[in-house]
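Worksheet: one structure, shown below.
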Amino acid sequence: MTRKKHGAAKQWWQRQFHTWHWISAAISLIGMLFFAITGITLNHAGAFAANPKVVERSGQLSVGALVLLRAHHGPNTPLPAPVAAAVEQAVHIDVSGHDAEWAEDAITVNLPRPGGDGFVSINPADGAITAELTDRGLLSLANDLHKGRNAGGPWVWFLDIFAGACVVFTLTGLLLLHLHSKRRPSTWPLVGLGLIVPLLLVHFLVP
């Protein structure tokens, strides 16, 4: 390959790297900021005290819903749709689609979510409903989203797309460093430092 062709190819690749670098940066920018901040709050969780707010509710199933509930068989399956609708009407909590734990004295639907949790319990003997919702605040919500805790499928997809954008961002950044490294002699020592420091910390200081 002649020097002219080599130079043209280098410029073409450089333009590609720049394009994909800024696109991936734009996609992942807010996510990286969010995960960097919540990484700090997770590492220092003891410094951020949560004040959980607990809301308790109670209600009563109708006779028809109670008959349907008693006729339903299937441990660890959701409540029948009419029963779930009756529960929502009684205590204003949507339990449809959530698996229930079936026992002789109580049928319980656990409702974990980012930043809190809850449950709805039904007494199959008389149809009495007991519910409790716990909210641990915005910081707990952010930390749980960082971990993907009880966040559901759409959030998992977002995390995968965000991670892919970060991979593209870092790889194109590495390639751009390579292209400009001749004019910036400190490039590879700094990259090496970014690798060696965490390795040394893990080897010598992490239990």
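Relative to the dominant Cα principal axis of the chain, helix 81-91 is inclined by about 90°.
Counting 0.36 nm for each residue step from residue 126 to residue 55 and taking away their Cα separation leaves a gain of 23.3 nm.
Residue-wise HN-Hα couplings along region 32-45, as the Karplus relation 6.51 cos²θ - 1.76 cosθ + 1.60 with θ = phi - 60° gives them from phi, are 5, 5, 4, 6, 5, 5, 5, x, 5, 5, 6, 5, 10, 4 Hz; Gly and Pro carry x. The relative contact order of the chain, computed from alpha carbon pairs under 8 Å that lie at least 6 residues apart in sequence, is 23 percent. Ligands, DNA and RNA left out, the 1.4 Å accessible surface of the chain is 66% carbon and sulfur atoms. A simple charge model with +1 on the Cβ of Lys and Arg, -1 on the Cβ of Asp and Glu and nothing else charged puts the dipole of the chain at about 2360 debye relative to its Cα centre.
Close amide H contacts of residue 95 (hydrogens built in the peptide plane, cut-off under 5 Å, sequence separation of 5 or more or a different chain): 88. A simple charge model with +1 on the Cβ of Lys and Arg, -1 on the Cβ of Asp and Glu and nothing else charged puts the dipole of region 12-110 at about 520 debye relative to its Cα centre. Note on residue 16 and residue 155: with the Förster distance fixed at 45 Å, the Cβ-Cβ geometry gives a FRET efficiency of about 0.90. Among the GluC sites (Glu not before Pro) within region 53-128, those in coil by DSSP and having at most 14 neighbouring Cβ atoms inside 10 Å are 104.
Can you work out the accessible area per residue across the chain, with the rest of the protein chains kept in place, probe 1.4 Å, in square angstrom?
Using a 1.4 Å probe on heavy atoms only, each residue of the chain averages 67 Å².
From helices alone, the chain scores -19500 deg cm²/dmol at 222 nm; the rule is -39500 (n - 2.57) for each run of n ≥ 4 DSSP H residues, then divide by the residue total. Ordering 67, 102, 50 by Cα displacement along the dipole of region 42-107 toward the positive end leaves 50 in first place; charges were set at the Cβ atoms of Lys, Arg (+1) and Asp, Glu (-1).
Shown here: Rg/Rh (Cα atoms, Kirkwood Rh), derived from the displayed model; of the candidates [x] 1.00; [y] 1.22; [z] 1.05, it corresponds to [y]. To the nearest ten degrees, helix 153-180 and the longest principal axis of the Cα atoms of the chain are 10 degrees apart. Projecting the Cα atoms of 142, 167, 195 onto the charge dipole of region 127-196, computed from C-beta unit charges around the Cα centre, puts 195 farthest toward the positive end. Peptide packing for 138-145, 46-53 was compared via the average number of neighbouring C-beta atoms within 10 Å per residue; ordered from the highest value, the list is 138-145, 46-53.
The values are calculated or read from the model by the stated rules, or taken from the named source; none is laboratory data. Only a predicted model underlies this, so the values are computations on that prediction, with no experimental measurement involved. Every residue, glycine as well, gets a Cβ built from its backbone with ideal geometry; the counts of neighbours run over all protein chains shown. Accessible surface is based on the protein model in full, side chains and every heavy atom, while ligands, DNA and RNA are left aside. Shrake-Rupley method; radii C 1.70, N 1.55, O 1.52, S 1.80 Å.
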